[in-house]
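First up is the structure itself, then whatever we jot down about it.
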Amino acid sequence: MVKFINHSNYISKHWNWSSEIIYKSIKEFHLEVTKHGFTHVDAPCHMINKGNSLNDCDLDMLCGWAKIIDVSECMMDKPITREFLEKRAGNIKKGDIVVLKSNLNNLYPNISKKYWENSPYLEDSGSEFLISKNIKAIVFDFPQDRAAKDLQFRVVKNNEFTEHQIVLGAGVMHVEHVVNLNLINTGEFFFFALPVKLPYADGGNCTPISIHNIENKKYSIVDHSQSMENNKNFKSYLTLSFEKGDQVQETGFSLTGLAHTMFISSNKDAYENMFKKLVIDEFEIVSDINELSEKNYATVFINNEKINYDLLCENLTDKKIDILCLPSQPSLEQLQDIQKSVDKIFINLEQINKIKNNSKIIFGILKFNETLISPVRVVSIS
């Protein structure tokens, strides 16, 4: 079994980060996140006009080997300087993801103003030192810019976010407001932080996951998630943009029906339980859905683009499957029939035929409060 740690916050009510969560059933729900907040990724174009968007960034920018640096000594509004990092970053090499651990969220939740007032911050010399190492991304469990402390009091101008300017300006990615870094007890680990697949976006919400007992090698990464193009149930939009004269660019999204790659659970226990199974290496891949009538499975991927969903429902009668991954989207009525036999369903997965027997599957499910469904980023590594 693969050992992993989930480093995401719940998306819920917050004084600075706007969201709306309404869930009554898979037929009636509304999920909306209107700006950067909670656990999320920043692409360069968030702060840099005409900088790279998520589409311009390779998968391995946010999915690869990581090293952790303990910066808890800099709590209570102390700067993380070049001098501080030089003494602790001797093993950082080109292409690493660097994780800065303060354990701030062990003391204060991010909804508390003390979370912002007492955090360390990455000073300009520290930012310049890290990008000089040719790293791919920096991961933070604290508000990393000194100017962010003033967000609760005033509008902060773009040029005051100097850490963002330096790091994103160098093409290095941000992963912000992660949790549970105190649970990591190894110096190097595999780290996944791909956000939901918003096209041409300046960033997006994500579920970072650290993986700890896998072979240390370069992995091939396959993305099994649909691009989240606008349709009748889904809309992404700019809440802030440079073209409108705003200081930053921020993309929000609204989901009012099933669309794109999503996780659907049958009940609250199943929803919560899936967060204990975000990384799996034991599964079956089935092309002929008649095979499902022969035995029970724990986790099944259906590698068949032309599924007869009525026949699938028949074959699932009196069966019990924990996780079922589908290449398309059944009707709502068919989904409800499938839920009689399956607790956890993933829809609209792509490139299932590229999953190998030795692949590890990573489910980056957005962690919403008070819902049984979520957008998800699914990849396999091998």
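Bear in mind that the values in this text are calculations on the coordinates, not laboratory data. None of the values given here were measured: they were computed from a predicted structure. We place every Cβ from the backbone using ideal geometry, glycine too, and count neighbours over all the protein chains shown.
Taking the inverse of the average 1/r across all pairs of different Cα atoms in segment 103-255, what Kirkwood radius in Å do you get?
Answer for segment 103-255: a Kirkwood hydrodynamic radius of 17.7 Å.
Pick from E83, E20, E282: which is most flexible by mean-square fluctuation in a GNM of the chain where alpha carbon atoms under 10 Å apart are linked?
Maximum among the listed residues: E83.
At most 14 other Cβ atoms within 10 Å and a DSSP loop assignment: could you name the trypsin sites (Lys or Arg not before Pro) in segment 342-382 that fit? Please list the in-between numbers first.
Values: sites: K344, K354, K356, K360, K367, R377; in loops: K356, K367.
Filter output for segment 342-382: K356.
Could you estimate the translational diffusion coefficient of segment 75-128 from the Stokes-Einstein equation, with Rh from the Kirkwood formula over C-alpha pairs, at 4 °C and 1.567 mPa s, in whole µm²/s?
On the way: Rh = 12.4 Å.
Result for D is 104 µm²/s.
Using all C-alpha to C-alpha distances in the chain, build P(r) with 20 Å bins and read off the rounded percent in each one.
29, 57, 14, 0
List the relative contact order of segment 9-159 as a percent without decimals, with contacts defined as Cα pairs under 8 Å and 6+ residues apart.
The normalised contact order for segment 9-159 reaches 21 percent.
To the nearest 20 debye, what charge dipole does segment 262-381 have about its Cα centre, counting +1 at the Cβ of each Lys and Arg and -1 at the Cβ of each Asp and Glu?
Computed about the Cα centre, the dipole is about 520 debye.
Please report the relative contact order for segment 262-381, taking Cα pairs under 8 Å with a sequence separation of at least 6, and give it as a percent rounded to a whole number.
Averaging sequence separation for qualifying contacts and normalising by length gives 34 percent for segment 262-381.
Which value does Rg/Rh take for segment 262-381 over its C-alpha atoms, Rh per Kirkwood? Don't jump to the answer; show the numbers that get you there.
On the way: Rg = 13.2 Å, Rh = 14.3 Å.
My calculation puts Rg/Rh at 0.92.
Only bridges whose two residues both fall in the chain count here: according to DSSP, what percent of them are antiparallel, nearest 5?
70
Taking only C-alpha pairs under 8 Å that are 6+ residues apart, what is the relative contact order of the chain in percent?
Contact order relative to length: 21 percent.
Using Cα positions and a limit of under 20 Å, work out the lysines in reach of K340, with same-chain residues fewer than 8 apart set aside.
Straight-line reach from K340, under 20 Å: K24, K27, K268, K295, K319, K320.
Could you tell me the center-to-center distance, by alpha carbons, between segment 98-126 and segment 179-209 in angstrom?
Centre-to-centre distance over Cα atoms comes out at 17 Å.
As a test of the formula, what do you get for the chain when each DSSP H run with n ≥ 4 contributes -39,500 (n - 2.57) and the sum is divided by the residue count, at 222 nm and rounded to the nearest 500 deg cm²/dmol?
Rounded to the nearest 500, the figure is -3000 deg cm²/dmol.
For a paramagnetic label modelled at 7 Å from the Cα of L107 toward its Cβ, which residues of segment 73-88 fall within the zone defined by backbone nitrogen distances under 16 Å?
73-80
Hey, got a sec? Which trypsin sites (Lys or Arg not before Pro) in segment 137-214 land in a DSSP loop and have at most 10 other Cβ atoms within 10 Å?
R154, K157
Need the C-alpha centroid separation for segment 330-377 versus segment 33-89, integer Å.
Spelled out, the Cα-based centre of one part sits 29 Å from the other.
Can you list the chymotrypsin sites (Phe, Trp or Tyr not before Pro) in segment 116-165 that are in a DSSP coil and have 16 or fewer other beta carbons within 10 angstrom?
Those satisfying the criteria are F153.
What does the charge dipole of the chain about its Cα centre add up to, to the nearest 20 debye, if the Cβ of each Lys and Arg holds +1 and the Cβ of each Asp and Glu holds -1?
Taking the Cα centre of the chain as origin, the dipole is about 480 debye.
What is the sum of charges, Lys and Arg at +1 and Asp and Glu at -1, for the other residues whose Cβ falls under 9 Å from the Cβ of I321?
+1
Quick check: residue separation of N353 and R88 times 0.36 nm, minus the Cα distance between them. What number comes out in nm?
Working: separation 265, 0.36 × 265 = 95.40 nm, distance 4.32 nm.
Answer, rounded to one decimal: 91.1 nm.
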